[in-house]
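J.: Got a structure here, written out as structure tokens. Questions coming.
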Amino acid sequence: MNSERFTLPVDEYLALEHVPFYIEDALSQLLEHKEEYTQFGIVRFFADYFNSVRNGNHILFREFSFVKATPYNRSSFLRAFWRSFRQIGKNGDLLTVMEYRSLLQLLCPDFPVELVQKAARIVLMDDAMDCLMSFPDFLYAFQIQFYYEEFFESIAVIYQDLLSGKSPNTVIVPTSFSAEQVTRPATSDTAAQEGVDSPLFCGCIEALCDRYKYSHPPLSSIKEILFQVQRVSFYGFLMAIAKHEGINCDIGSLPSKADLLIDPEMDRELEKLIAQISVSPTSNSSSSTVGHKEPVRKASPRKSLHHRRRIDIESDGSNEETDSSEN
């Protein structure tokens, strides 16, 4: 539990936890659907709303601006996406960028394709955007890109400046930047350098974190990653963040990679649903009348998550689970 709640003034703590944001949204929702909730009462409405927030279901089918508005919303959306579509990972299916975007839009209709493409670049790199991705590969890359979006935009600027030869003292981080710009090296000489100096890059990131207002990975985890190598590429760094268990735990949305495809609570719910369908009179009569047998769907013979080969941080971010031969 956050110990700052005992030291901060009430107003500052409520703002830090975005409580006014949720109160304003609850009021907006009440006014928008007042005819629907009048019969239940205002107290019942607010109880249902904040129970939904507590359970993390409040982000379902909401606009993207709401989904990304707070760190808790982003975390809740990531968990909802995992729980909704983890069966894809269990089946071993590989999907394209646009197919993953379609899945995201089932939960958030206006989810932007640009964010999905940025996540795919962590896995595939810019020159292989037409390749297929496994669900675990995409999910962990998407998690860090979505949760730390503003932070990655900032360090992309730092990386590009260091790559172009600027002194760390002259590096300036603008308020907005697209990480896609770093996919094109400045010159052939800088491209041959295979990234930037890791300790130098780490020092610039540390200075950024000291004054950063958005969410960012723990500085200790960033140092752990960068101190392992002398030089690092931008997407090699992002891939290492995506695979770091400590950073995954800090976000708190997804289980460890070993438990990614395991969700006992959801499995119990599915078993109950299947049991209800199996004893339904309608389903029994229709199956006996038609006599149609459902085909058995076989899982794709893909490598399991446990066989995933470790990729060195200096690599270009490609992954053994990603099938680059399929288009």
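The values are calculated or read from the model by the stated rules, or taken from the named source; none is laboratory data. On a predicted model such as this, the values are computed, not experimentally measured, just so you know. Ideal geometry is used to build each Cβ from the backbone, glycine not excepted, and the neighbour counts take in all protein chains shown. Only protein heavy atoms, including side chains, enter the accessible area calculation; ligands, DNA and RNA are left aside. Shrake-Rupley method; radii C 1.70, N 1.55, O 1.52, S 1.80 Å.
J.: What nm value, rounded to one decimal, do you get for the distance between residue 256 and residue 61 when each label is placed 7 Å out toward the C-beta?
T.: Here the modelled spin labels are 3.7 nm apart.
J.: Still on this structure, please answer the following. Which one, 139, 108, 124, projects farthest toward the positive side of the charge dipole computed for region 1-150 from Cβ point charges (K/R +1, D/E -1)?
T.: 139
J.: Taking only protein heavy atoms and a 1.4 Å probe, what accessible area per residue, in Å², does region 1-123 have with all protein chains in place?
T.: Value for region 1-123: 56 Å² per residue.
J.: To continue, here is another question. With all protein chains present, calculate the accessible area of residue 266 using a 1.4 Å probe and round the result to the nearest 10 Å².
T.: Looks like 50 Å² after rounding.
J.: Just to check I understand the Karplus step: with θ = phi - 60° and J = 6.51 cos²θ - 1.76 cosθ + 1.60, what whole-Hz values come out for region 226-237, glycine and proline as x?
T.: Working through the residues one at a time gives 6, 7, 7, 9, 8, 10, 8, 8, 5, 6, x, 5 Hz.
J.: Summarise the accessible area of region 223-272 (1.4 Å probe, protein heavy atoms) by the percent that is carbon and sulfur.
T.: Carbon with sulfur: 54 percent of the solvent-accessible area.
J.: Sticking with this structure for a sec: What size of dipole, in debye to the nearest 20, comes out for region 39-174 about its Cα centre when the only charges are +1 on Lys and Arg C-beta atoms and -1 on Asp and Glu C-beta atoms?
T.: 660
J.: Within region 1-133, what whole-number % of the accessible surface is contributed by carbon and sulfur, with the 1.4 Å probe and all protein chains included in the calculation?
T.: 56
J.: Give me the number: length gained by fully extending residue 23 to residue 268, i.e. 0.36 nm times residue separation minus the C-alpha to C-alpha distance, one decimal in nm.
T.: So the extension gain works out to 84.8 nm.
J.: Which whole-angstrom value gives the distance between the alpha carbon centres of region 93-142 and region 235-269?
T.: 16
J.: Which of the peptides 153-160, 21-28 is most tightly packed, and how do the rest follow, going by the mean number of other Cβ atoms within 10 Å of each residue?
T.: Final packing ranking: 153-160, 21-28.
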